[in-house]
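First the structure, in the form of structure tokens, and then the observations on it.
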Amino acid sequence: MRIATVAGLAILGLVAAVAVAGFLFVVYQGKRTPVGDPHYVAMGSSFAAGIGLGARAPDSPLLCMRTLNSYPQQLARLLDLPIVDVTCSGAVTDQVLRGGQFFQRAQLDALKPSTKLVTITSGGNDVNYVGDLSFMAARNSASASGWLMKRFWKGPLQPGQRKYANVQGDLVAFVREVRRRSPTARVVIVTYPMILPPSGTCPRLNISEEQANAMREVGEKLAEATRAAAIETGATLVDMQRLGADHHACSQVPWVNGWLDAQGTRFHPTLAGARATVEAIAEALRQGA
């Protein structure tokens, strides 16, 4: 009995030590100052970080899940630009502005007076767009996550709980602060791509038509708030919601994954979608040169 007790205490101690080490590692990564030439600074959430699109980008905090095939990384290679990439999966726009995610400073703090290009895709987490889509699809599945969703998830946000005006206001504040810190920078706001088809649903989404209708409205209102912020500030808009209208998750050539048969992360851009975003930004930069 005594041996079993000692062994149990040793295991608990080891688990606690691992947990503490993991926490300290997260703190360490979050507190690090981004390094590199910030000619191009990329900001935003997982749609900019490129979650699920291959190898982790160098110096990326593990929890941010930035990849080398994200649209900012691909754009930097295409245009031969030095990049400081501070995108982070799960970020809300307030964290881009003010910090606090995984102990990180504001993403804006990567800017320098010499910065010439800034891109951002943000706002989806503010209105729980992909989160609610994922929980709906999970709850509809015959899986352990579906069982948990049925019993513990209270359901998607109600329309009045999705603060689109806050997204627009934060994006406006973001552009103004970029211009204060980096007066010669070109600011490009990129909308989230079209996830759902214009009408109906498909097996790949694993959600009902009623659910699709509700979440389609969320996607469009998020895009409208993003467009309005670009118009108000004069920032360059790359509208992947419109450009990707024929490349939703149910299409033959999807730029975003559904819930089933995902080539990467569910309800996030495919590699083809990231490449299309790069091409659209590069074209917008050429037109505005």
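Derivation of every value follows stated rules applied to the coordinates shown; laboratory data play no part. Not measured: the values here are computed from a predicted model. Neighbour counts run over all protein chains shown; Cβ positions are idealised from the backbone, glycine included.
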The answer for the net charge of residues other than R286 whose Cβ lies under 13 angstrom from its Cβ, with Lys and Arg +1 and Asp and Glu -1, is -1
For the ranges 219-228, 154-163, what's the packing order if you count other beta-carbon atoms within 10 Å of each residue, average per peptide, and put the highest first? 219-228, 154-163
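Could you give the size of the charge dipole of the range 123-192 about its Cα centre, using +1 on the Cβ of each K and R and -1 on the Cβ of each D and E, expressed in debye and rounded to the nearest 20?
For the range 123-192, the charge dipole is close to 100 debye.
Please give the calculated 222 nm ellipticity per residue for the chain, where each DSSP H segment of at least 4 residues contributes -39500 (n - 2.57) and the sum is spread over every residue; nearest 500 deg cm²/dmol? Present the calculation step by step, with values, prior to reporting the outcome.
Numbers: 10 runs with 133 residues, N = 289.
About -14500 deg cm²/dmol.
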Sequence ranges 117-123, 237-243, ranked by mean other-Cβ count within 10 angstrom, highest first: 117-123, 237-243
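List every DSSP H helix in the chain whose Cα atoms extend 30 Å or more along the helix's own long axis and whose mean Kyte-Doolittle hydropathy is at least 0.0. Don't skip to the end; give the middle numbers.
Values: long enough: 2-31 (43 Å, 1.74); 209-233 (36 Å, -0.63).
Membrane-span-like by this criterion, though nothing is claimed about a membrane: 2-31.
For the chain, give me the percentage of DSSP beta bridges that are antiparallel, rounded to the nearest 5 percent. Could you put the intermediate results ahead of the total?
Working: 2 of 17 bridges.
The answer is about 10 percent antiparallel.
Among V167, V127, what is the fewest-to-most ranking by other Cβ atoms within 10 Å? Before the final figure, lay out each step's value.
Details: V167 26, V127 22.
So the residues, fewest neighbours to most, are V127, V167.
Please pull out the direction-averaged projected area of the range 35-287, using the convex hull of its alpha-carbon atoms, in nm² to one decimal place. Numbers along the way, then the final one.
Details: hull surface 51.3 nm².
That works out to 12.8 nm².
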Quick calc: nm separation of the 7 Å Cα→Cβ label points for T184 and A282 -> 2.4
